[in-house]
Each structure stands twice: as C-alpha cells, then as structure tokens.
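The values are calculated or read from the model by the stated rules, or taken from the named source; none is laboratory data. None of the values given here were measured: they were computed from a predicted structure. Please note: Cβ atoms are built from the backbone with ideal geometry, for glycine as well, and neighbour counts cover all protein chains shown.
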Amino acid sequence: MACLFPGSFDPVTNGHMDLICRAARLFDKVYVGVLHNPDKKGCFTVEERVDILRQCCKNLSNVQVIAFSGLTVDLCRELQVHVLLRGVRSAQDLEMEMTLHRVNRMLDEQIETVFLPANQGMEDVSSSVVRQLASFRGEADLFLPVPAAEAVRKKFCIHS
C-alpha cells in the first residue's frame, strides 16, 4: 500500500523527516509531494525543496519525492494513492487536519487520512520556526537534517 505525504517543506525539518522515516516502515511506497502554491512566496523554490528532500531521503528506497500544484486529491488520483499521511504536533494541528480530512473526503470518498503524532521533542519543530530563527542568524541547524541545514545556512548567509 502507498501513501502520499503532501506539504510545502520550506524547508524540510527533522520533524518532517521523522514522519517520512516512520511512514517508510509502515507503507510499501511513500510519495512526498512538495506543493507549489503560487499564492505564497517561499523561502526556497519548489525545485530546491525537491532537491533537498531527495538528498535527505536518498537512503529510503521506498520514498519518492515529487513536486505538484493544485489539489492534493487530484495528485492522489494521478498516483492511484488512497492514503494521505499527515503529521500532528498539537491539538490545534489536529483540528486543522481534521477539517482538511473532511474536505478531502467530500472531494473523493476513497481517500483516507492517517495521522501520525509528532515524536517527543518534535512538537515545536516547524518550517516557520526554522525560517524565523535563520532570519535572525539563530541555531536553525538543531531542527534540520544536514542537507536542509546546509541550504538554510547558504540561503541566509550564515557561517558555521
């Protein structure tokens, strides 16, 4: 069985990687879908995010990183995937994710959502926190896999 883990991954964090690694143990195939949202100006381009994620996932043979735009349910149909993977860090995350789950089910009743709770120590890790830390030259590396940490240091001109 395959799943799709969609997100912006701007940048990919240790929390994201924890979920991807756990999903790789649970599913035969894990698609990591990097969303291109034309309404948002990202820190990294979609191509950069895909490249960073591919570097991070290179040792996970059943993980494939792809870029997409549009509705997640459309990508699910294209990939013939019926399971969405979502990470949950807090009650607020769960509330938001439940709303997305219900909308996705209204759009395609064959799609199920599997929620994985954040592991201890990952609850406060988010791409926004990392971007803010980096913008103030803070220790963002603590929250990032090595390829993402290198890209963030380069993007924000931070010398290690």
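What number goes with the only condition from (1) part of a helix (DSSP H, G or I); (2) of a type outside the set (Gly, Ala, Ser); (3) at positive phi that LEU142 does not pass?
(3)
Could you list, in sequence order, the residues of segment 96-142 that are free of Cβ contacts under 8 Å to residues at least 60 places away in the same chain, within 30 Å of GLN80 (Cβ to Cβ) and of a type in the set (A, V, I, L, M, F, W, C)?
MET96, MET98, LEU100, VAL103, MET106, LEU107, ILE111, PHE115
In segment 79-115, what residues are at pLDDT 95 or above, among the hydrophobic types (A, V, I, L, M, F, W, C) and touching a helix residue (DSSP H, G or I) at 6+ places or on another chain (Cβ under 6 Å)?
Selection gives LEU85, LEU107, ILE111.
So, VAL50, is that one within 13 Å of the chain's Cα centre (by Cα), closer than 23 Å to GLU109 by Cβ and either β-branched (Val, Ile, Thr) or part of a helix (DSSP H, G or I) (or both) or not?
For VAL50, the condition - within 13 Å of the chain's Cα centre (by Cα), closer than 23 Å to GLU109 by Cβ and either β-branched (Val, Ile, Thr) or part of a helix (DSSP H, G or I) (or both) - is not met.
I need the full set of residues from segment 68-107 which are part of a loop (DSSP other than H, G, I, E, B) and surrounded by 15 or more Cβ atoms within 10 Å (Cβ to Cβ), in order please.
Hits for segment 68-107 are VAL81, HIS82, ARG89.
On the basis of being without any contact (Cβ under 8 Å) to a residue 40 or more places away in the chain and out of contact with any strand residue (DSSP E or B) (no Cβ under 6 Å at 6 or more places or on another chain), does SER90 make the cut?
Numbers: without any contact (Cβ under 8 Å) to a residue 40 or more places away in the chain: yes; out of contact with any strand residue (DSSP E or B) (no Cβ under 6 Å at 6 or more places or on another chain): yes.
Answer is yes for this residue.
Looking at segment 63-85 only, could you name the residues that are touching a residue at least 60 places away in the same chain (Cβ under 8 Å) and under 16 Å from the mean Cα position of the chain (by Cα)?
Once the filter is applied, which keeps residues that are touching a residue at least 60 places away in the same chain (Cβ under 8 Å) and under 16 Å from the mean Cα position of the chain (by Cα), segment 63-85 yields PHE68, THR72, LEU75, CYS76, VAL83, LEU84, LEU85.
Would you pick out the residues in segment 30-62 that are in contact (Cβ under 8 Å) with a residue 60 or more places away in the chain and of a type in the set (S, T, N, Q)?
From segment 30-62, those in contact (Cβ under 8 Å) with a residue 60 or more places away in the chain are 43-44, 48, 52, 55-56; that's our starting set.
Hit for segment 30-62 is GLN55, nothing else.
(1) buried (at least 17 other Cβ atoms within 10 Å of the Cβ); (2) in contact (Cβ under 8 Å) with a residue 40 or more places away in the chain; (3) touching a Cys at 6+ places or on another chain (Cβ under 7 Å): which one isn't true of LYS155, the others all being true?
Every listed condition holds for LYS155 apart from (1).
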